[in-house]
Amino acid sequence: MTPYTISEIREVLQAEWLQCKQADARIETLLTDSRKLSQTQHALFIAIHGKRHNAHRHLAEVYAAGVRHFLVSEKIGLEHFPEANFILVKDTLASLQKLAGWHRMHFHYPVIGITGSNGKTVIKEWLAQLLNPDKYLVKSPKSYNSQLGVPLSVWKMDARHELAIFEAGISEPGEMERLEAMIRPEIGIFTNIGAAHQQGFASEEEKVREKMRLFEHSKVLICNVDYSTIRTQAQHWAASDAERQLLSWSFGTNAAIQVQLEKDHHSMLHFSGRYTARIELPFLDDASIENGIHACILLLYLGYDSATIQSRVFRLEPVEMRLELKHAIGNCTLVNDSYNSDIDSLRIALQFAQQQAQERPVILILSDILQSGEPEAQLYSRVAALLEAHGVEQIIGIGDSVSAVQAHLPASIQSDFYPSTDAFLADISRHSFQDALILVKGARPFAFERVVTRLEQKIHQTVLEVDLDALVHNLNLYHQRLSKGTQMMVMIKAEAYGSGPAELARLLAFHKVDYFGVAYPDEGVALRHAGVQLPVLVLNADASSFDTLYRYQLEPEIYKLDQLRALARYAHSEKEMPIHIKLDTGMHRLGFEATHIPELVQVLSENPNLKVASVFSHLAASDNPVHDGFTHAQAARFQSEYQMLTEGLGYKPFRHLVNTGGIVRFPEYHFEMVRLGIGLYGVDGSGLQSQLRTVNALKTQISQIREVEAGETVGYNRNGPVSKRTRVATIGIGYADGFLRLAGNGRFSVRVHGKKAPTIGNICMDMSMIDISHIPEAQEGDEVLVFGPGHSVQELADALQTIPYEVFTNVADRVKRVYKQG
């Protein structure tokens, strides 16, 4: 990249100097996240002031990490930053976008812009794979397609590149103009249109019009006109300028390119019209076929012949946009990113690994980085800088060229190198993997899934996948609905609703939640052992646990006078402990009533070392409109009793009343804090359900398939009679895993290859049987979805005559938790 000086950037942005210490300082890297700092020497930190987070609050820690150049929108105390450059603008995000647009205009090679409801990231990554042998290209890292992600992606352009591919996503009108000014694509791809982000638009037509603004200055547009709203807008686009080329395609005839599809073991595409070609795709699902057609047409437009496209298409690697977090041997944690290897995805994976490692050493297993287009010495010098910046203590390199990194490593990083994956696996016992975080990062040809298999702790073929991206999405949805100044307590009791508390707590702390709530002291202790330092409310604390609470700085719920007096006796006057007072306003489960408050105040006044951190109560029916009158009565009672309590205390602790269901429905009762529980995992009856993402997916595998003749039975007590020849699959999940017996005998269906497969016979302890007669493609070893995206946990809850809470918490400890983030 040709660097700019801080003075040039100030002039472009028409910004004001707050402090100028080095006007000719070179800027190469843009940073926006105070939690993800690397390569700080020539970095400009842009303090984004968002709806929920204000990066200006973290300037001191950014400065302490080595950053010396700042773009801000607030005046700050410069005495704390004696060596720093500060430039002041009205809006830092708008200035970042303006800077990216200015940078973009320095380059004149082709830029491809991709938008649509789905498939943007897959098409971008596939195009990169298909074009990499010929083109040194730059692309959006992973799914960086937002108002913040796009400028950071565009900033990566430099004069060495020959092609750029950027994706653009919007959620409301007016956003695409800003993205278009930065991307300015010459070639456009409109993938499809669907329900994603529909809530921000008045209609599908408006959403398509807004997305089409990305192609305002484009000369070529590729799109599927089987979507009628896309067809209408694409025709308007083409008619407005005679020089524009509309490369429309359709499975029918009303398009520039007609596509005929034949499915067998693969998908055969016959192109006719503008291009004539016959290309076989190694996929059968509709989404991959649609994405593959867009990619093929782009290559045909660029002049590639059918034979070249065909040879490359069959080498396409799956686009796994998520990192997997697994338990590994030697009490290690394994981050599996064995799907691709490039410098941008390495940086993202290292950031994630550093976040999860806490105080543990980080070990990186890295393959050659293929087809980067950079000179080897330059590429691995950048790799070495990333390893040092992210605290890697050991690298194990596999391949012909990765050993070049050794010349650039500091002495503090241990290194070992192997020519092949086989050579490493033959020598793996020599390495001591103990109490560390292991990041496995490799290009597909190195088959690092074999490394993952050797290192992974073997527990059970049934897994509960926890989508951390979906969890953060849900967290942000609730954050956006909080009243100004309201804090967030996240409840991670019952093993975080079955999802595993330590991993989730580290992630949630990273995303700046304010408090955690757990059911029992040992859950709080586990969080402390995992390195979590946020305050933790313990809902069930008795005298036997007081010493544990004090030693681990955990904060008990106090709900009766005997419990409070026992704590006062333990603490005497020298132990200071924050406590949380529970009021019973109508739930009638636990808590003080109004008549108890005078005596409560007296005990607290006699023990000022027991400081009340919060006063709270629990709504009995916050998500049921039928009982809204009762909810308002509870809130009135709560405020009245809180007033009585605080008058006696002489100070005002935090108040929290609303839970998941109440966050959306009762903003007037947000007070100083709210409690978020199962909504974090994608279940909410308050009207937010359609915008939430599914976090937990329970999956297993087909262990065996057999044909059962008519008149036979399946399972214990012969409860699964077969009336015709039936193809039966045994799957590796049973009631000991949490798949309870009420799900048997056809009362519930799992999904195999996207199709429902009903249970047959009784659920056994460790396995179950399903009818797959109508799924001929099913084979032994295939994945089975019990619940997850596209197959709601509510369906299983209905079959079990219970609620999603119970389904989640019933998932047994022996079921392996796999954490994914992208």
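What does the net charge come to around Q19 if you take all other residues with beta carbon closer than 11 Å to its beta carbon, with K and R at +1 and D and E at -1? Before the final figure, lay out each step's value.
Working: positive: K21, R68, K75; negative: E16, E79, E83.
Combined, the nearby Lys, Arg, Asp and Glu give 0.
Starting from one equal scatterer on each C-alpha and no solvent at all, send me the Debye-based log10 I(q)/I(0) for the stretch 250-406 at q = 0.15 Å⁻¹, two decimals.
Debye intensities relative to I(0), on a log10 scale: -0.87.
Over all directions, average the projected area of the Cα convex hull of the stretch 130-181 and note it in nm². Please list the in-between numbers first.
Details: hull surface 16.0 nm².
One quarter of the hull surface, i.e. the mean projection, equals 4.0 nm².
Contact order normalised by length for the stretch 1-129, with contacts defined as Cα pairs under 8 Å and 6 or more residues apart; what percent is it?
Details: 177 pairs, mean separation 30.7, N = 129.
Value for the stretch 1-129: 24 percent.
For E186, E79, give the ranking by accessible area with the largest first, probe 1.4 Å.
Numbers: E186 75, E79 135 Å².
Putting E186, E79 in descending order of accessible area: E79, E186.
With a 1.4 Å probe and every protein chain left in place, work out the accessible area per residue of the stretch 345-443 in Å², rounded to a whole number.
Working: 3770 Å² over 99 residues.
With all protein chains present, the stretch 345-443 gives 38 Å² per residue.
Using 0.36 nm times the number of residues separating A447 and F251, minus their current alpha carbon distance, what extension gain do you get?
Working: separation 196, 0.36 × 196 = 70.56 nm, distance 3.63 nm.
This chain segment gains 66.9 nm when fully extended.
Would any residue of the stretch 41-73 have its amide N under 11 Å from a label point 7 Å out along Cα→Cβ of E28? List them or say none.
The answer is 41-43, whose backbone nitrogens lie closer than 11 Å to the label point.
Calculate the FRET efficiency for S203 and L284 from the Cβ-Cβ distance with a Förster distance of 22 Å, rounded to the nearest 0.05.
Values: r = 33 Å, r/R0 = 1.50.
Approximately 0.10, to the nearest 0.05.
What distance in nm separates the two pseudo spin-label positions at E574 and E668, each 7 Å out from Cα along the beta-carbon direction?
Using points 7 Å along Cα→Cβ, the separation is 5.0 nm.
Between E777 and S483, what length comes free when the chain is fully extended (0.36 nm per residue of separation minus the Cα-Cα distance, one decimal in nm)? Numbers along the way, then the final one.
Working: separation 294, 0.36 × 294 = 105.84 nm, distance 5.13 nm.
Full extension of this stretch gives 100.7 nm more.
Among G50, I9, V67, whose Cα projects farthest towards the positive end of the dipole of the stretch 1-99, with charges put on the beta-carbon of Lys, Arg (+1) and Asp, Glu (-1)?
G50
Report the FRET efficiency, 1/(1 + (r/R0)^6), for R160 and E712, where r is their Cβ-Cβ distance and R0 is 51 Å, rounded to 0.05.
It comes to 0.15.
Under 5 Å between amide hydrogens, which residues at least 5 positions from V658 or on another chain qualify, with H placed 1.01 Å from N in the peptide plane?
Excluding prolines and chain starts, which carry no amide H, the hits are R675.
Determine the percent antiparallel among the DSSP beta bridges restricted to the chain, to the nearest 5.
Values: 54 of 136 bridges.
The antiparallel fraction comes to roughly 40 percent.
Please report the projected area of the stretch 216-291's Cα convex hull averaged over all directions, in nm². Mind showing how you got there, number by number?
Numbers: hull surface 21.5 nm².
Mean projected area for the stretch 216-291: 5.4 nm², to one decimal.
Rolling a 1.4 Å sphere over the protein heavy atoms, what is the accessible area per residue of the stretch 219-276, to the nearest Å²?
On the way: 2990 Å² over 58 residues.
With all protein chains present, the stretch 219-276 gives 52 Å² per residue.
Obtain the radius of gyration and the Kirkwood radius of the stretch 745-822 from its C-alpha atoms and give Rg over Rh. Walk me through the numbers on the way to the answer.
Values: Rg = 13.3 Å, Rh = 13.8 Å.
Using only Cα positions, Rg/Rh for the stretch 745-822 is 0.96.
Ordered by packing density, taken as the mean number of other Cβ atoms within 10 Å over each peptide's residues, highest first, how do 610-623, 418-431 rank? Kindly include the intermediate steps, with their values, before the conclusion.
Numbers: 610-623: 20.9, 418-431: 14.1.
Those peptides, ordered most packed to least, come out 610-623, 418-431.
Per the Cauchy relation, a quarter of the hull surface: what is the mean projected area of the convex hull of the alpha carbons in the stretch 602-655, in nm²?
Working: hull surface 16.2 nm².
If you wrap the Cα atoms of the stretch 602-655 in a convex hull and average its projections, you get 4.1 nm².
What is the extension gain from H473 to S640, computed as 0.36 nm multiplied by their sequence separation minus the C-alpha to C-alpha distance, in nm to one decimal?
Contour length minus Cα-Cα distance gives 56.5 nm.
Return the distance in nm (one decimal) between the two label points of a simple spin-label model at L370 and H108, each offset 7 Å from Cα along Cα→Cβ.
3.5
For a distance above 56 Å, tell me the whole-number percent of Cα pairs in the chain that qualify.
Values: 43635 of 337431 pairs.
It works out to 13 percent of all Cα pairs.
I want the local charge near H588. Using Cβ-Cβ distances under 14 Å, sum +1 for each Lys or Arg and -1 for each Asp or Glu among the other residues. Before the final figure, lay out the partial values.
Details: positive: K560, K582, R589, R637; negative: D584, E593.
For residues surrounding H588, the net value is +2.
What ranking, highest mean first, results for peptides 89-97, 743-751 when packing means the other Cβ atoms within 10 Å averaged over each residue?
743-751, 89-97
Under 8 Å for C-alpha pairs, at least 6 residues apart: give me the relative contact order for the chain, rounded to a whole percent. Before the final figure, lay out the partial values.
Details: 1668 pairs, mean separation 65.1, N = 822.
Dividing the mean separation by the residue count of the chain yields 8 percent.
For the stretch 455-600, what is the convex hull volume of its Cα atoms per residue in Å³?
Cα convex hull per residue, to the nearest whole number: 170 Å³.
Quick one: which residues, 5+ away or cross-chain, put their amide H under 5 Å from the amide H of K21? H built at 1.01 Å from N.
Amide H neighbours of K21: N85, F86.
So how do 101-111, 707-717, 650-660, 632-642 stack up, highest first, on mean other-Cβ count within 10 Å?
On the way: 101-111: 16.0, 707-717: 13.8, 650-660: 19.4, 632-642: 17.8.
Packing proxy ranking, top to bottom: 650-660, 632-642, 101-111, 707-717.
Rounded to whole Hz and in sequence order, give me ³J(HN,Hα) for the stretch 726-741 from the Karplus expression 6.51 cos²θ - 1.76 cosθ + 1.60, θ = phi - 60°, writing x for Gly and Pro.
10, 8, 10, 10, 9, 10, x, 8, x, 5, 5, 8, x, 8, 6, 5
Could you tell me the extents of the stretch 272-311's C-alpha atoms along the three principal axes, largest first, rounded to whole Å?
Answer, in whole Å and largest first: 27, 20, 16 Å.
Kirkwood-based Rg over Rh for the stretch 604-722 (C-alpha set), two decimals?
On the way: Rg = 24.5 Å, Rh = 18.6 Å.
Radius of gyration relative to Kirkwood radius: 1.32.
With all protein chains present, how much of the accessible area of the chain (probe radius 1.4 Å) comes from carbon and sulfur, to the nearest whole percent? Walk me through the numbers before you get to the answer.
Values: 15880 of 33480 Å².
Within the chain, the accessible surface is 47 percent carbon and sulfur.
Tell me the net charge near L742. Cut-off is 15 Å between Cβ atoms, L742 excluded, with +1 for each Lys or Arg and -1 for each Asp or Glu. Before the final figure, lay out each step's value.
On the way: positive: R741, R747; negative: D737, E795, D798, E806.
For residues surrounding L742, the net value is -2.
Quick check: pseudo-label points 7 Å beyond the Cα along Cα→Cβ at S420 and D766, how many nm apart are they?
Computed distance between label sites S420 and D766 equals 3.7 nm.
Amide H to amide H under 5 Å from N192: which residues, 5+ apart in sequence or cross-chain, H placed 1.01 Å off N in plane?
S117, N118
The values are calculated or read from the model by the stated rules, or taken from the named source; none is laboratory data. Treat the numbers as computed from the prediction; the structure is a model and nothing was measured. Here Cβ is always computed from backbone atoms with ideal geometry, including for glycine, and neighbour counts include all displayed protein chains. Please note that ligands, DNA and RNA were not included when accessible areas were found on the heavy atoms of the full protein model with its side chains. Shrake-Rupley method; radii C 1.70, N 1.55, O 1.52, S 1.80 Å.
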